[in-house]
1. From the list Pro336, Pro284, which residue is surrounded by 15 or more Cβ atoms within 10 Å (Cβ to Cβ), under 25 Å from Ser50 (Cα atoms) and at pLDDT below 75?
2. Kindly indicate whether Val178 is within 24 Å of Glu37 (Cβ to Cβ), assigned to a loop (DSSP other than H, G, I, E, B) and among the β-branched types (Val, Ile, Thr).
3. Tell me, yes or no, whether the range 62-74 has at least one residue that is over 24 Å from the mean Cα position of the chain (by Cα), hydroxyl-bearing (Ser, Thr, Tyr) and surrounded by fewer than 20 Cβ atoms within 10 Å (Cβ to Cβ).
4. For the range 164-207, which positions are farther than 21 Å from Glu137 by Cα and in contact (Cβ under 8 Å) with a residue 24 or more places away in the chain?
5. Could you say whether any residue in the range 249-262 is closer than 30 Å to Phe98 by Cα, surrounded by fewer than 18 Cβ atoms within 10 Å (Cβ to Cβ), touching a strand residue (DSSP E or B) at 6+ places or on another chain (Cβ under 9 Å) and free of Cβ contacts under 8 Å to residues at least 60 places away in the same chain?
6. Can you report the number of residues in the range 202-244 which are among the aromatic types (Phe, Trp, Tyr) and closer than 21 Å to Gly41 by Cβ?
7. Consider Ser184 against the criteria (1) surrounded by 19 or more Cβ atoms within 10 Å (Cβ to Cβ); (2) over 22 Å from Val90 (Cα atoms); (3) small (Gly, Ala, Ser): it satisfies all of them except one. Which criterion is unmet?
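The values are calculated or read from the model by the stated rules, or taken from the named source; none is laboratory data. This one's a predicted model, so the numbers in the text were calculated from it and none came from an experiment. Counting neighbours? That spans all protein chains shown, and the Cβs are built from the backbone with ideal geometry, glycine included.
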Amino acid sequence: MAEDLLKVEGLKQYYPVSGGLPGKKTFVKAVDGVDFEVKRGEVFGIVGESGCGKSTLGKAICKLIEPTDGKIILDGEEIQDYNSNQMRSVRKKVQMVFQDPYASLNPRMSVRDILAEPLIVHGLAKGKKEIDDKVVELLRAVGMDDYHARRYPHEFSGGQRQRIGIARALAVRPQLIVADEPVSALDVSIQSQVLNLMSKLKKEYNFTYIFIAHDLSVVEHISDRIGVMYLGNFVEEANKENLYKNPMHPYTQALLSAVPIPDPNVKKDRIILEGNIPSAINPPSGCKFHTRCPKCMEICKREAPKKYQVGDDHFVYCHLYDKDNPAVNKTESKSPAKDTNEPEAEKEK
């Protein structure tokens, strides 16, 4: 078994909400008690609908926002309580590639200055010549030319800007790169180029990636293992072969049923989820997915599911796989509740 580079335990990220009832604090529970590990040298993909907490989780891991609770163990160090000075040495171990390559680059700085900044801050190069040489090396590593160092972000296309963002993350030779939807803002043809570049850099520098995306086909292409998120929690974790061939959680099954197939002669059943995603301010009790789950049981409304192993490196957070619980075995599946705040409808006679 490969060594764990990153271990996350019970991570929570709550945002306070202004207004509401006097004397009562309310929070958006963006990430609500997440546990997972990332092995050294692998690509761990995180997928889910918009608003499920993927990007917030990535920022919390990099300590770009202060987590509300939980542990973040990076290369044996517990970093969740580190201040900005303590994080300076950790920044060389973990870097982030952002979704919008234009917003993440300073428009007033040339590419040379953007790439030179981390080298100077971390003392990785001294003197103008050494810095310039390393900047050129970084540009070539991401498939760009030397003269691009003199240009500014607005002079590049979206794909080129993302390459600059990757080069900036590459500058400190990190162990872990958190890529937050790095290709979602790019054309499909450019997406493949950036994905191939990231795969090439991983092989050359032995990086570990956390790859966040909502596009299941993109995640399948680049990931080794995948975690599926729903409303601030993981619902399933597995290697990509098991997840795509044998999804176990009802939510994962619904997501994969929506992936288009290029062959018009191949037909597959679509799983249509009822209702909307509940509010992260007032999430449902028990399993958060039970309000939309076609296999909802009574226990799902009362108790949050534990993590159950259903195969080799395949884990599911779902009561359907709790074989030791008599309530699961005896309770028949029911339709999802429409609103957890309303009393249940009377049973038909």
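1. Pro336
2. Spelling it out, it is not the case that Val178 is within 24 Å of Glu37 (Cβ to Cβ), assigned to a loop (DSSP other than H, G, I, E, B) and among the β-branched types (Val, Ile, Thr).
3. No - not one qualifying residue is present in the range 62-74.
4. Within the range 164-207, Val178, Ala179, Asp180, Glu181, Pro182, Val183, Ser184, Ala185, Leu186, Asp187, Ile190, Gln191 meet the criteria.
5. No, the range 249-262 has no match at all.
6. Count: 4.
7. (1)
Residue by residue, here is whether (1) among the aliphatic types (A, V, I, L, M); (2) more than 16 Å from the chain's Cα centre (by Cα); (3) more than 17 Å from Val34 (Cα to Cα) holds:
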{"position": "Ile222", "(1), (2), (3)": "yes, no, yes"}
{"position": "Met229", "(1), (2), (3)": "yes, no, no"}
{"position": "Asn246", "(1), (2), (3)": "no, yes, yes"}
{"position": "Leu256", "(1), (2), (3)": "yes, yes, yes"}
{"position": "Val259", "(1), (2), (3)": "yes, yes, yes"}
{"position": "Asp263", "(1), (2), (3)": "no, yes, yes"}
{"position": "Glu274", "(1), (2), (3)": "no, yes, yes"}
